[in-house]
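Okay, so here's the structure we're looking at.
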Amino acid sequence: GAGVSQSPRYKVAKRGQDVALRCDPISGHVSLFWYQQALGQGPEFLTYFQNEAQLDKSGLPSDRFFAERPEGSVSTLKIQRTQQEDSAVYLCASLHVNTEAFFGQGTRLTVV
Amino acid sequence: DAKTTQPPSMDCAEGRAANLPCNHSTISGNEYVYWYRQIHSQGPQYIIHGLKNNETNEMASLIITEDRKSSTLILPHATLRDTAVYYCIVTRSLHNTDKLIFGTGTRLQVFP
């Protein structure tokens, strides 16, 4: 498809389990963002990549959160030892020069 | 980035114009006003953006006051599919790949 694709769409994890969330940006888009959206709130910035370089990770809430984009295309957000407060929708967005941000549908993570 | 203030919710009758206000009194001279919306269970979708002049596209119109301290998003003929949360965001420019800072937005309910 032509849009940003995220997988899985839904993920249920037991507390303490590690999870990996995938984002396939629009082909050729240089910039990639991850956001976290808690229930009833607006999305909050987590981290930003330009190609393979992670230029801003100031929004990552703890060292349990790690993101990578090794070849400047697909990105993975990994959460280690998940906690209940990690339950949220994780959104990925990509953009190219002179375009707006295109968002995926998100991954809904539920930690039980 | 400047903060924005939006009413938490609004109603609009189908076929009527929906006027969504946003205050951004601390906006800087090089900051743009962007509007995104988020339909239930989807990622945010770009609507429109502007700097000083009023803007119109196929989705909406954006009216920015002369002092740029507030703006209004206008959906000229609201439909049921326009029911969503609307976010007003101020940012230097997506061309600079600045992260978007979402607030809690305005939940617009369009009724028959």
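Values quoted throughout were computed directly from the atomic coordinates according to the rules given, and no laboratory measurement underlies them. For clarity, every value in this text was computed on a predicted model and none was experimentally measured. When we count neighbours, we look across all protein chains shown, and the Cβ atoms used for this are built from the backbone with ideal geometry, even at glycine.
General observations
- Solvent-free Debye scattering, log10 I(q)/I(0), computed from the Cα coordinates of region A:58-112 at q = 0.26, 0.28 Å⁻¹: -1.22, -1.28
- Size-normalised alpha-carbon gyration radius of region B:1-52, reference 2.2 N^0.38 Å: 1.32
- Contact order normalised by residue count of region A:1-94, Cα under 8 Å, 6+ apart, percent: 36
- Length, then width, then depth: along the principal axes, the Cα atoms of chain B run 40, 30, 24 Å.
- Cα-based Rg of region A:1-94 normalised by 2.2 N^0.38 Å, two decimals: 1.03
- Across region A:100-107, coupling constants 3J(HN,Hα) worked out from phi with the 6.51/-1.76/1.60 Karplus curve, θ = phi - 60°, read 7, 7, 10, 9, x, 7, x, 10 Hz, and Gly and Pro carry x.
- Over all distinct Cα-Cα pairs of region B:31-75, the Kirkwood formula returns a hydrodynamic radius of 11.1 Å.
- Working ranking of peptides A:30-43, B:18-31, A:52-65 by packing, defined as the average number of other Cβ atoms within 10 Å per residue, highest first, is A:30-43, B:18-31, A:52-65.
- Exposure proxy ranking, count of Cβ atoms within 10 Å, fewest first, for B:Thr83, B:Thr106: B:Thr83, B:Thr106
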